[in-house]
Structures are given as structure tokens and as C-alpha cells.
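First up is the structure itself, then whatever we jot down about it.
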Amino acid sequence: NFSIFSNHLESWFRNFIYNILVYDQIEQEIERDVVVKITRTDNSLYKESITTSSKSQNISLSTSEQPGSWKILATSSDLSIEKNIFVEELELLNFSLENKTLIVKNIGNIQFKKAIEIAIGNVRKVEPLDLKVGEEKRFRLSAPEGEYPISVLQDGKSHDVGTALLTG
């Protein structure tokens, strides 16, 4: 007998813990080498490894891994079992400053097609975005000479990016 126990995938932390259990004929849990294959929604291989049954395994997914139904396939001798896990859609941007440029990068796993509001001090400007996964857009910042706090408003949340010394 064979089973895979798992917890819910936390979409923000992208952490998934699972445990493969193998039982003998009298339903006693036994330790055994198990081949584990984890495949993405499109059936591409995410990871293949040999592990020992009864030991917890951890998958830490990047935020850009494709959403949808993934599979864990565990095989040991003539036994095999498959379990589906669900990776949720994650809309997530990263903001950084490089000299006088604001860099906005889509680090989520779906296309980002919304507007953001860029604040240079008290001056605000709305910018539409259409970023594919992994894509970035750069905004050249300008304001009268001085040092300004830079922030971005996205979906009602303010993100303080840093301070920029601007010269016009």
C-alpha cells in the first residue's frame, strides 16, 4: 500500500510539504527508496529525485512558476501513486530604483495588465502596465532638483521604493 500526504500550498510563501508513506502486507509503515517526479501543468518536469519514504519533503516554488494543477508521481518497486497539487495564480510586482529610474518587474506567474500610480514626493502619475511573466518596464523619473521619496500604489497598497536624488 502506498500514499502521499500533503499540506495546502501557501500561495504567498510558495511552500509545499509532502510525505510519501509505504506500507507492507500487514499495513505496517516501512522505509523505502521512492522515485518522485513532480510535473507542472503543461507536463514539463519540475523535479525528479529519489527520496526515502516517511520523510517529509519540501518544495519551494519561485513566484513565477506556472499556475494550475501539478502532479506528484511516486514510484517504488511495483507500486506507484499520483497526487495533484494546485498552484494558485499569483499577481506580483517587484519595484526597484536604479539611479533616476524606477524598474517594475512582473515576478508573479500571470500577465499583469493593470495601472499603477507612481508617486514622486507629492506628485502622482498613473501608468498603465501590460507585463508578461518575467518582463519589466523602466520609468525615467523627473522632478525639480531635490531628493524625493518614491512610492508606487498598486491595488490599493502603497509600496515605498526608496529615495531618489533628481535634477529636473
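Quick look at the numbers
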{"item": "Hydrodynamic radius of region 1-136 per Kirkwood, over alpha carbon pairs, in Å", "result": "17.5 Å"}
{"item": "Accessible surface, the chain, averaged per residue in Å² (probe 1.4 Å)", "result": "59 Å²"}
{"item": "Of all accessible heavy-atom area on the chain, the percent that carbon and sulfur account for (1.4 Å)", "result": "47 percent"}
{"item": "Centre separation in Å (Cα based) which lies between region 144-168 and region 29-47", "result": "45 Å"}
{"item": "By accessible area with a 1.4 Å probe, ligands and nucleic acids excluded, highest first: order of Leu165, Leu21", "result": "Leu165, Leu21"}
{"item": "Protection proxy ranking, peptides 149-162, 96-109, average beta carbon neighbours within 10 Å, highest first", "result": "96-109, 149-162"}
{"item": "Rg/Rh for region 80-122, where both radii come from Cα atoms and Rh is the Kirkwood radius", "result": "1.25"}
{"item": "Convex hull per residue volume in Å³, alpha carbons only, for region 91-168", "result": "74 Å³"}
{"item": "Cβ-placed point charges (K, R +1; D, E -1), dipole of the chain about Cα centre in debye, nearest 20", "result": "620 debye"}
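The values are calculated or read from the model by the stated rules, or taken from the named source; none is laboratory data. Keep in mind the model is a prediction, meaning the values are calculated, not measured. So basically every Cβ, Gly included, is an ideal-geometry build from the backbone, and we count neighbours across all protein chains shown. For accessibility, only protein heavy atoms count, side chains too; no ligands or nucleic acids. Shrake-Rupley method; radii C 1.70, N 1.55, O 1.52, S 1.80 Å.
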